[in-house]
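J.: Below are the structure tokens for one structure; questions will follow.
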Amino acid sequence: MVFLWIFAVAWCGVSLIMLGVAIKTSEPWYVLALLGLFVLIGIGLAAGLVTGIYQRFRRGPATLGATPNGPRGGDTITFTLHLDRDEPRDREIVFALEAQENDEGWNTQQTMTHVAKLHGGMRQASAQFTLPHNARATSASWRWRASARVNHLKYAPVEQDVVVRAAANANEPSTEAVTLNSVPADSLTQAESRNTPPGAHEIASGVWQWHSATRTTQIIGLILITFSVFWLWNTTSIALPRLSARGDFAFSWGEVAVALFGLPFLLVGLLMMLLGVALLTLRQSGTIRRGEFQTRVTALGRTWSMHNLRASDIDFLQAASGLSSGRNVLRYDLAARTPAGAVILPYSATSTNDLMQQARWTASVMGIERVQFDPQTLANDMPRLSLASDVATRQWIGKWIAGMMKFCIALAVAGFALLWVTSPWKNGAVEGGAASLFI
């Protein structure tokens, strides 16, 4: 919330100053229209924040609890709203339970609602929801979020995330699973040996190794690098003082203020380029021998994830969606199902029949007898196996990105403050800096 307020104040302040300077310097109408649009956006954001504070003040402090903990599909959940203040009149409480999917932002896929009446003088209201029997478990791409609103106060909901566990039979193969009759690796026929992953080679007797890269991620990486170069080319003139364009080398606080405000855009471009290079250099490798399978993910010259999978840990093998378009799967990955979760193995196929042959080859090399292969695609809510090092890496990356965002905000606020202090009514300081935005 503090970040939103800082962003709103900086946005409104800078856009108003730029609009005032543009009006004073008689900029073209399309520049005034663009700056006016930015001003309206800032006013709308500020109005929303003020409305949210007012509605939360009307509601008062509140908490939302849920029982039982860790429900499964078909279970009934009871939500209880506790308010710190009571009122003499009756109030209407709207409870909602939403199933949301993370697809470049959380999108609501399913909503269940219940309206309860809180009588005058009471501070507690409850509602019950029954989860569908096929309810997806909570994961990085799927969540269940409960909310309660008092008297339809839209901007003052009380929210609670509900952790839904996978069904009890989620770790069992489907009825479509088939048993693979694996054979010793040295007994594989020439036709069966063709099912080795592309690029795999035997580095020692019974030890195979290969590296793979996804063409899709490489294309996305090239697009990001190209866009970042275009972004940097067009934002460097704003982020860096353009003293040479002024015709002299006189120091100008307006140039410094505009440079400070533009530096975050320069950093965003550098981050996009770094992400593009990371996708371009993303590699997945595997080493397989009898009794063990090791997978590794590398990018930017360092290892980001590594798993050591033992043959005794594998319950069965299953198809997973590697690339899809809507509900159509374009590329399948092979997943090894373990009691702790699923491990995606670094090779794929365009059909489940080809993937089954690769699964048989994997079982033969690892020495797993009569393992099952499930052609039914792995559910998105099935947890992927992760190590403590992966969690630490994600936490480090998250802290680094959060630090960069705070640094960018601090630069933008400093630039805005400098624009405000350096007297926007003088033609020399701010107008010179502001004019560079439109050149």
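J.: Within the range 138-152, which residues are under 15 Å from residue 116 (Cβ atoms) and part of a loop (DSSP other than H, G, I, E, B)?
T.: 151, 152
J.: Please find, among 349, 336, 359, 320, the residue that is within 22 Å of residue 181 (Cα to Cα) and touching a residue at least 60 places away in the same chain (Cβ under 8 Å).
T.: Being within 22 Å of residue 181 (Cα to Cα) and touching a residue at least 60 places away in the same chain (Cβ under 8 Å) holds for just one of 349, 336, 359, 320, which is 359.
J.: For the range 10-25, give me each residue that is crowded, with 18+ Cβ neighbours inside 10 Å, among the β-branched types (Val, Ile, Thr) and more than 17 Å from residue 411 (Cβ to Cβ).
T.: Matches in the range 10-25: 21 only.
J.: For the range 333-382: of the residues being within 21 Å of residue 205 (Cα to Cα) and among the β-branched types (Val, Ile, Thr), which is surrounded by the fewest Cβ atoms within 10 Å (Cβ to Cβ)?
T.: Looking at the filtered set, the residue picked out is 368.
J.: Of the conditions (1) farther than 30 Å from residue 209 by Cβ; (2) at pLDDT 80 or above; (3) out of contact with any Gly (no Cβ under 7 Å at 6 or more places or on another chain), residue 256 clears all except one; give me its number.
T.: Among (1) farther than 30 Å from residue 209 by Cβ; (2) at pLDDT 80 or above; (3) out of contact with any Gly (no Cβ under 7 Å at 6 or more places or on another chain), the lone unmet condition for residue 256 is (2).
J.: Can you tell me which of (1) touching a residue at least 60 places away in the same chain (Cβ under 8 Å); (2) assigned to a loop (DSSP other than H, G, I, E, B) is the one residue 51 doesn't meet?
T.: Here residue 51 clears every test but (2).
J.: Looking at (1) of a type in the set (Gly, Ala, Ser); (2) at pLDDT below 80; (3) open to solvent by 50 Å² or more (accessible area, probe 1.4 Å), which one does residue 305 not meet, given that it meets all the others?
T.: For residue 305, the exception is condition (3).
J.: Find the strands (runs of 3 or more DSSP E) located wholly in the range 71-125 whose residues include 3 or more that are open to solvent by 30 Å² or more (accessible area, probe 1.4 Å), among the basic types (Lys, Arg) and under 24 Å from residue 136 (Cβ atoms), and list them.
T.: Strands (runs of 3 or more DSSP E) meeting the threshold: none at all.
J.: When you look at residue 376, is it of a type outside the set (Phe, Trp, Tyr), closer than 21 Å to residue 139 by Cα and not in a helix (DSSP H, G or I), yes or no?
T.: The answer is yes for residue 376.
J.: Right, another one. Would a scan of the range 157-173 turn up a residue that is over 22 Å from the mean Cα position of the chain (by Cα) and modelled with pLDDT of 85 or more?
T.: Checking the range 157-173: at least one residue is over 22 Å from the mean Cα position of the chain (by Cα) and modelled with pLDDT of 85 or more.
The values are calculated or read from the model by the stated rules, or taken from the named source; none is laboratory data. Everything quoted here is computed from the prediction, not taken from an experiment. Glycine also receives a Cβ, built like all others from the backbone with ideal geometry; neighbour counts cover every protein chain displayed. Side chains are part of the model used for accessible areas, which takes the heavy atoms of the whole protein and leaves out ligands, DNA and RNA. Shrake-Rupley method; radii C 1.70, N 1.55, O 1.52, S 1.80 Å.
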